[in-house]
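The values are calculated or read from the model by the stated rules, or taken from the named source; none is laboratory data. The structure displayed is predicted, hence computed values, not measured ones. Backbone-built Cβ (ideal geometry, glycine too); neighbour counts: all protein chains shown.
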Amino acid sequence: MNLEHLKVFFMAATKRNFTEAAKILNLSQSSVSLQIQHLEEQIHTTLFDRSTKKMDLTDSGKLLYNYAEQIIQLGNQAEKELALLSETIHGDLRLGASQTIGEYLLPYFLGNFIEQYPNVNLMMKIENSTQIIEKISSGEIDLGFIEAPFPHERLESIPFLEDELVIISSSAHSFPFLDGASIEPNHLFSLPIIMREKGSGTREVLEENLLKHSFDPGKLPIVMELENTESIKSAVESGLGIAIISKTAIKKEIELGILKKTRINGIPLKRHFYLLSKKQILSPGCDAFRGMFISTFQVTGD
């Protein structure tokens with residue numbers, strides 16, 4: 001049984017879509033279809049029910065899917081042990097990170113990792129927490145970094161750094177209630193707010209903490225939703241409204257006096273960043289990255 005054909009089948013079965021599987025694997029859709037066809041011919045059975053739009057697995061497909069996952073894990077383990085034997089670690093490592101972590105925290109660590117493991121080819125996608133969880137579950141990325149806890153039976157989630165969300169406003173434009181170091185929670189509902197999109201860890205942390213203190217986040221006067229932290233900071237600097245983002249992302253602007261920060265009385269918006277990985281054998285490069293990261297940030301787990 002061809003291992004590459006098996007990997008193509010596993011991704012297609014996970015996504016239930018040949019087109020999506022082809023994009024992830026950097027193959028054409030026809031190549032994916034052909035490899036699965038060759039696999040079916042080799043094992044003399046049909047793996048997908050092609051009579052439905054959902055591309056459901058046949059009974060044979062379901063059986064092979066379970067074995068395919070185990071075989072791929074064993075392949076990763078063999079690669080890992082061979083790499084250790086030859087004292088070289090190489091290959092692709094696909095990361096997914098939220099904006100705050102990917103743009104303001106990870107770059108410093110990535111440089112150290114590349115210096116120590118020059119043969120590992122790093123690729124990183126910046127997306128929101130929901131997208132990262134979906135992609136690590138489907139195998140599109142190897143490790144994920146998100147801004148809120150997310151229990152998942154097939155993923156391991158460990159906290160590694162405490163962060164705090166703060167209100168930011170322009171130093172050149174005044175808004176009511178923002179003269180001091182903090183404001184009352186109810187005043188937040190009288191200010192124009194620029195918000196991250198649904199699915200972002202930052203937004204989830206804010207909404208969850210408001211609910212815990214009996215405030216309805218659905219009543220926040222949101223004037224704009226943006227998917228990019230830099231765009232949010234620029235909009236706030238222009239006086240279009242206020243925003244709630246990580247203090248990690250505004251260090252430069254605070255030092256330059258462009259933005260100012262305010263906290264909410266009685267609602268501490270503190271959180272941990274989280275490292276996500278699958279509960280399975282990792283590739284050598286992934287395992288090396290995870291180990292070095294845990295050592296650097298002194299991660300102890302939940």
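Which one is surrounded by the most Cβ atoms within 10 Å (Cβ to Cβ), of the residues in the stretch 243-267 that are of a type outside the set (Gly, Ala, Ser) and in a loop (DSSP other than H, G, I, E, B)? Steps first, please.
If we filter the stretch 243-267 for residues that are of a type outside the set (Gly, Ala, Ser), which is where we start, we get 244-245, 247-248, 250-256, 258-265, 267.
Narrowing further to those that are in a loop (DSSP other than H, G, I, E, B): 250, 258, 265, 267.
Details: Ile250: 21, Ile258: 16, Asn265: 14, Ile267: 17.
Only one residue fits best here, namely Ile250.
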Practice task
Mind checking which helices (runs of 4 or more DSSP H) fall wholly inside the stretch 1-92 and carry at least 3 residues that are in contact (Cβ under 8 Å) with a residue 60 or more places away in the chain and either assigned by TED's automatic domain parsing to the domain that holds Ile141 or of a type in the set (A, V, I, L, M, F, W, C) (or both)?
Solution key: 3-15, 59-86
Exercise for the section: Report whether or not Thr229 is touching a Lys or Arg at 6+ places or on another chain (Cβ under 6 Å), closer than 24 Å to Gly102 by Cα, hydroxyl-bearing (Ser, Thr, Tyr) and surrounded by 14 or more Cβ atoms within 10 Å (Cβ to Cβ). Expected result: no
Exercise for the section: Just need a number here: residues in the stretch 95-115 that are outside any strand (DSSP E or B), touching a residue at least 40 places away in the same chain (Cβ under 8 Å) and either in the same structural domain as Gly199 (by TED's automatic domain parsing) or buried (at least 16 other Cβ atoms within 10 Å of the Cβ) (or both). Expected result: 9
Fill in the blank from the handout: Checked Asn121, Asn66 against criteria (within 24 Å of the chain's Cα centre (by Cα) and either at pLDDT below 90 or surrounded by fewer than 16 Cβ atoms within 10 Å (Cβ to Cβ) (or both)); the one match is Asn121
Problem - Test set (1) touching a Pro at 6+ places or on another chain (Cβ under 8 Å); (2) closer than 30 Å to Asp92 by Cβ; (3) not basic (Lys, Arg) - Gly241 fails condition number - result: (2)
Problem - Evaluation of Ser157 against (1) in contact with a Phe, Trp or Tyr (Cβ under 9 Å, 6 or more places away or on another chain); (2) outside any strand (DSSP E or B) (one fails), failing number - result: (2)
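Within the bounds of the stretch 233-241, is there any residue that is part of a helix (DSSP H, G or I), basic (Lys, Arg), touching a Lys or Arg at 6+ places or on another chain (Cβ under 7 Å) and surrounded by 15 or more Cβ atoms within 10 Å (Cβ to Cβ)? Before you say what the answer is, go through the steps one by one.
Here is the first cut: in the stretch 233-241, the residues part of a helix (DSSP H, G or I) are 233-237.
Filter once more, so that each one left must be basic (Lys, Arg): 233.
Checking which are touching a Lys or Arg at 6+ places or on another chain (Cβ under 7 Å) leaves us with none.
The answer is no, given that none of the residues of the stretch 233-241 is part of a helix (DSSP H, G or I), basic (Lys, Arg), touching a Lys or Arg at 6+ places or on another chain (Cβ under 7 Å) and surrounded by 15 or more Cβ atoms within 10 Å (Cβ to Cβ).
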